[in-house]
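Below is one structure, written out as structure tokens; the observations come after it.
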Amino acid sequence: MSVNIAAYKLNEHIDVLIRTLDKGQCIGLPTETVYGLAADATNGEAVAGIFEMKDRPRFNPLICHVDGLAMARKHGKFNPIAETLANTFWPGPLTLVLPIQPASNIHDLVTANLSSVGLRCPKGIAGQIIAAFGRPLAAPSANKSGKLSPSRAEHVADTFKETDLLIVDDGPCEVGLESTIVKIADDVITILRQGSITAEMIEACTKVIPAFPESSKIEAPCMIKSHNAPNAEIILESKAPPHDVAYLGFGSYGSQLPNKNVLNLSATGSLREAAANLYDYLQKLDKTAVSAIHVAPVPHTGLGLAINDRLNRAAAPRNS
Ligand code: TXA
Ligand code: MG
């Protein structure tokens, strides 16, 4: 059975959390983006445990979470662009994929034997836990591979209810979408996954226009199309849903519908609110066991780009 620990009682529980990590076991870790399934990134057996719990393919590398630049520099090679990005956005929802330091003791399973490592410094109490542990934590989102990401501790507890898992419960995640992932190679910035740190924000501080990889070329498994899939079929850009389906509204779309299976991502049309509600509402509507969830149009600008990216993955054919 999984056990939730309230984040405000972190001081009381920090010793047991550190002991659990030291033993090579996983914990449920709250971050500002989504909840992670975290284990010692330097311990191969611990990392193997993450892959097993998630049913995750081993070729898909994990992000290493650090408590700041000093820890990050031991594992990734920072050029001036990477330094600028870390100084501007850390702690925060940005993952930097950098060449790995030859002396790094991060286990090969974490990087799937690539010559790069994904580094992220999360906001909030995750940073305190990593600092107390003193080593990076490998942490993918705490869902089964291919399923919806968890934005609340209850989602994690529900997925891993058969498992002994300590979950630190810090309430709903502030952002609700996974971090933006950028790869830095010399002076080239490539956005591997869109998130709440947008291309414009990255360009504004680095003066480099980020590239997007060609969609035909999978650079990271996070670019695989079907991802974050609910059980129901997802129909996008739907303005007038039939009565027998669930509807995920946005702004004025959905506010007038009589259907009981209707949730509105943000009645006021706020993209931030919509991002924070997205996974929770998709999970709630999916639990109603409807055959399809229709989704209102969400603007394709700013944070809306990352929201539409996740919706497209949820809607993609499941075997792609
Ligand atoms: O917001 C987040 O990033 C959350 C929280 C828990 O921090 N984590 C997360 O992890 O979304 P995950 O494993 O679900 O997604 C990480 C993605 C993977 O799809 C992987 O392909 C990519 O990051 N990745 C990790 N290391 C990489 C590397 N060295 N090169 C390219 N892609 C990498
Ligand atoms: Mg994930």
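Read the figures in this text as sums done on the coordinates, not as results from a lab. Since the model is a prediction, treat every value here as computed from it, not as a measurement. No Cβ is skipped: glycine too gets one built from the backbone with ideal geometry, and neighbour counts run over all protein chains shown.
Annotations
- A simple rule links phi to the HN-Hα coupling: the Karplus curve 6.51 cos²θ - 1.76 cosθ + 1.60 with θ = phi - 60°, which for the range 187-192 gives 9, 9, 10, 10, 8, 7 Hz, with x for Gly and Pro.
- Helix 10-22 axis, angle to the chain major axis (alpha carbon atoms, nearest 10°): 70
- The trypsin sites (Lys or Arg not before Pro) found in the range 1-49 that occupy coil by DSSP, while having at most 15 further C-beta atoms within 10 Å, are LYS23.
- Remark: relative contact order (the chain) = 20 percent; criterion is Cα-Cα distance under 8 angstrom and separation of 6 or more residues.
- Distance violations [Cα-Cα > 30 Å] among LYS183/LYS284; LYS183/LYS239; LYS9/LYS284: LYS183/LYS284; LYS183/LYS239
- Degrees, to the nearest 10: 303-315 long Cα axis against longest axis of the chain: 80
- Gaussian network model of the chain, Cα within-10 Å springs - most flexible of VAL298, VAL117, VAL34: VAL298
- Between ALA70 and VAL188, the simple label model (points 7 Å from Cα in the Cβ direction) yields a spacing of 3.5 nm.
- Per-residue Cβ neighbour rank within 10 angstrom, fewest leading, HIS65, HIS300: HIS300, HIS65
- For the chain, a simple Cβ point-charge model (Lys and Arg +1, Asp and Glu -1, everything else neutral) yields a dipole of about 280 debye relative to the Cα centre.
- Partner lysines whose Cα lies under 18 Å from the Cα of LYS54, excluding those fewer than 8 positions away in the same chain, are identified as LYS144, LYS147, LYS161.
- ARG272 versus PHE59: modelled label distance in nm, points set 7 Å from Cα along the beta carbon direction: 4.0
- Here the gap between VAL3 and GLN256, fully extended at 0.36 nm per residue and compared with their Cα-Cα distance, gives a gain of 87.1 nm.
- Angle between the chain longest axis and helix 80-89 axis [Cα atoms, degrees, rounded to 10]: 60
- Amide H partners (placed H, <5 Å) of ILE234, local residues excluded: ILE293
- Spin-label pair GLN128-GLU203: with each label point 7 Å from Cα along the Cα-Cβ axis, the two points sit 3.9 nm from one another.
- Added length on full extension, which subtracts the Cα-Cα distance from 0.36 nm per residue, LEU305 to GLU12: 101.4 nm
- Anisotropy class of the range 108-238 from Cα gyration tensor, a/c 1.5 cut: oblate
- Length gained when the stretch GLU162-ALA289 is fully extended (0.36 nm per residue, less Cα-Cα span): 43.5 nm
- Each residue of the range 156-163 was assigned a 3J(HN,Hα) from its phi angle through the Karplus curve 6.51 cos²θ - 1.76 cosθ + 1.60 (θ = phi - 60°); the sequence is 5, 4, 5, 5, 10, 5, 7, 10 Hz, with glycine and proline shown as x.
- Taking a quarter of the surface of the Cα convex hull of the chain gives a mean projected area of 15.7 nm².
- Lys/Arg +1, Asp/Glu -1 at C-beta; the range 150-213 dipole; positive extreme among ALA211, LEU192, VAL182: ALA211
- Per-residue 3J(HN,Hα) values for the range 199-209, derived from phi via the Karplus relation 6.51 cos²θ - 1.76 cosθ + 1.60 with θ = phi - 60°, read 4, 5, 5, 5, 5, 4, 8, 9, 6, 10, 7 Hz in sequence order (x marks Gly and Pro).
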